1. Being open to solvent by less than 20 Å² (accessible area, probe 1.4 Å), out of contact with any Pro (no Cβ under 9 Å at 6 or more places or on another chain) and either modelled with pLDDT under 80 or of a type in the set (A, V, I, L, M) (or both) is the filter here, so list the residues in the range 129-139 that pass it.
2. Name the single residue, out of those in the range 249-271 being aliphatic (A, V, I, L, M) and surrounded by 22 or more Cβ atoms within 10 Å (Cβ to Cβ), that is nearest to Leu146 (Cα to Cα).
3. Give the residues of the range 67-87 that are surrounded by fewer than 19 Cβ atoms within 10 Å (Cβ to Cβ) and in a helix (DSSP H, G or I), sorted by residue number.
4. If you go through the range 390-407 one residue at a time, do you hit one that is in contact (Cβ under 8 Å) with a residue 24 or more places away in the chain and in contact with a Lys or Arg (Cβ under 7 Å, 6 or more places away or on another chain)?
5. Which residue pairs have Cβ atoms closer than 7 Å, lie 6 or more positions apart in sequence or on different chains, and pair a first residue in the range 150-175 that is touching a residue at least 40 places away in the same chain (Cβ under 8 Å) with a second residue that is open to solvent by less than 20 Å² (accessible area, probe 1.4 Å) and charged (D, E, K, R)?
6. Tell me which residues, restricted to the range 339-356, are of a type outside the set (Val, Ile, Thr), open to solvent by 10 Å² or more (accessible area, probe 1.4 Å) and touching a Lys or Arg at 6+ places or on another chain (Cβ under 7 Å).
7. Restricting to the range 140-181, name every residue that is over 30 Å from Leu259 (Cα atoms), open to solvent by 10 Å² or more (accessible area, probe 1.4 Å) and either of a type outside the set (Gly, Ala, Ser) or not in a helix (DSSP H, G or I) (or both).
8. Out of Leu266, Leu286, I need the residue that is closer than 16 Å to Ala142 by Cβ and not basic (Lys, Arg). Which one?
Amino acid sequence: MSGMRFKSKQYRWYVLGVLALTYAFSFMDRQILSILLEDIRAEFSLSDLQLGLLSGIAFALFYATLGIPIARLADRFNRVRIVSAAVAIWSAMTALCGAASSFWQLFLARVGVGIGEAGGSPPSHSIISDYFNKDERSFALAIYSLGTSFGMLFGLVMGGFVAEFYGWRWAFVCAGVPGLALALLLKFTVREPLRGAMEDTKQPPRPAPADSESIIAAFRALWSNRCYRFVNLAHMLGVFVGYGFTVWKPPLYLRQFDLSQSEVGLIVGLTAAGLGVPGILLGGYLADRLSKRDARGPAWLCASAVLVAIPFYLLALWSSDWVVTTIFIGMGVFLYSLSHAPGLAIVQTVVEPHRRAQAAAYVFFLANMLGLGLGPVLVGSLSDAFAAQFDNRSLNAALGCVTLVLFAAAAMYWRTAQALRRSDYMDASTKNRRGYQR
């Protein structure tokens, strides 16, 4: 069925819903570790640096690097089959985390989760972009990105509850097994769309890359695109801070406040979903509205959102009351979430249809190698270094230092807007209306 154009609006929303569910499962399996870190630290006698390695490098190393060759396959072969196989692999490896009897066994199981998830998001972004046109793409990717918030909610609430009453190993099993059924649902109910099906036919066709094109040549072609380059860097810097908070928020609550594991899972999970979901949706909606008036609008939205999020995160870390901390972290999550879908939509809009999976893969490579891979590790190492000076608030100080990286993310989004002003991808009517010159 590959190569067909599907016009049913109901079906394309079904496809989007299934892909969003797979993303939620991937985030649940990825982030459930954060609510289990204190249990794992106690059982294996680990340092914060080792916990950071489990949360970051163990997952991100193969998740990021394998995403590129898998995306090259997705740009040429059936993307739905690739995603369904990926779901089955990461789900099985998540369940196997529960059988680990040492730090290194758990480390290798987390590597397996990363290998599976490498085949998830880049092909999914490409599929979505062939079901939704450029004026709908930000909101469609916002729906897809809801998987981050709902995945965190399910992982933290379920993981905290199961770990408190049945042990951390069963939490991994409960997270992993349902994904195997989801892989079958995806494979047998989602159809492969025509590549470039939703592109504006008035625009001149862009040639697909040759099959013999090397990974380096493809990267150079993408990196020469100023819009793509700057939004890629902006997303990477934002994720660096976002993952730092995502991984270390549960340990922060458990160490600083008199709360149980299930209570922390519920608080952090509901905060992520209750404020992350509206932030993601509003960001996608506003970006689509702004892009119709000015192609730079989504980039300006991203820059403003991450900049305003900084003081809220810092105030949250300063507070010694869990309610106040939760309110300010929630506001930071909401503002940061506004930038997520518009940034990813810019990526899909400014590159050729036959490079979209690879374009997304390079975004995820940088974001996850430097953001997920090094973000939690840096926070953990800074926390260890600050322990003598700040005692039980060393994690607060470490997260405060990392938060300042959002200034650089805002600067890169601003550069993205400047690049979009001169881009060939701007809508011609927008250029004429605004009087811009090529």
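1. Within the range 129-139, the first condition is being open to solvent by less than 20 Å² (accessible area, probe 1.4 Å), and the residues that meet it are 129-132, 137-138.
From what's left, out of contact with any Pro (no Cβ under 9 Å at 6 or more places or on another chain): 132, 137.
Of everything in the range 129-139, just one residue is open to solvent by less than 20 Å² (accessible area, probe 1.4 Å), out of contact with any Pro (no Cβ under 9 Å at 6 or more places or on another chain) and either modelled with pLDDT under 80 or of a type in the set (A, V, I, L, M) (or both), namely Arg137.
2. Keep residues of the range 249-271 that are aliphatic (A, V, I, L, M), which gives 252, 254, 259, 264, 266-268, 270.
Keeping just the survivors that are surrounded by 22 or more Cβ atoms within 10 Å (Cβ to Cβ) gives 252, 264, 267-268.
Values: Leu252: 24, Val264: 21, Ile267: 18, Val268: 16 Å.
Filtering the range 249-271 for residues that are aliphatic (A, V, I, L, M) and surrounded by 22 or more Cβ atoms within 10 Å (Cβ to Cβ), the one nearest to Leu146 (Cα to Cα) comes out as Val268.
3. Of the residues in the range 67-87, the ones surrounded by fewer than 19 Cβ atoms within 10 Å (Cβ to Cβ) are 69, 73, 76-78, 81, 85.
Scanning the range 67-87 gives Pro69, Leu73, Arg81, Ala85.
4. Checking the range 390-407: at least one residue is in contact (Cβ under 8 Å) with a residue 24 or more places away in the chain and in contact with a Lys or Arg (Cβ under 7 Å, 6 or more places away or on another chain).
5. Ala175/Asp29
6. Within the range 339-356, Glu352, Pro353, His354 meet the criteria.
7. Listed by number, the residues that qualify are Ile143, Leu180.
8. Just a single option satisfies the conditions, and that option is Leu286.
The values are calculated or read from the model by the stated rules, or taken from the named source; none is laboratory data. All figures in this text were calculated on a predicted structure; none of them were measured in a lab. FYI the Cβ positions are ideal-geometry reconstructions off the backbone, even for glycines, and counts take in every protein chain you see. Just so you know, the surface numbers come from the protein's heavy atoms only, side chains and all, with ligands and any DNA or RNA stripped out. Shrake-Rupley method; radii C 1.70, N 1.55, O 1.52, S 1.80 Å.
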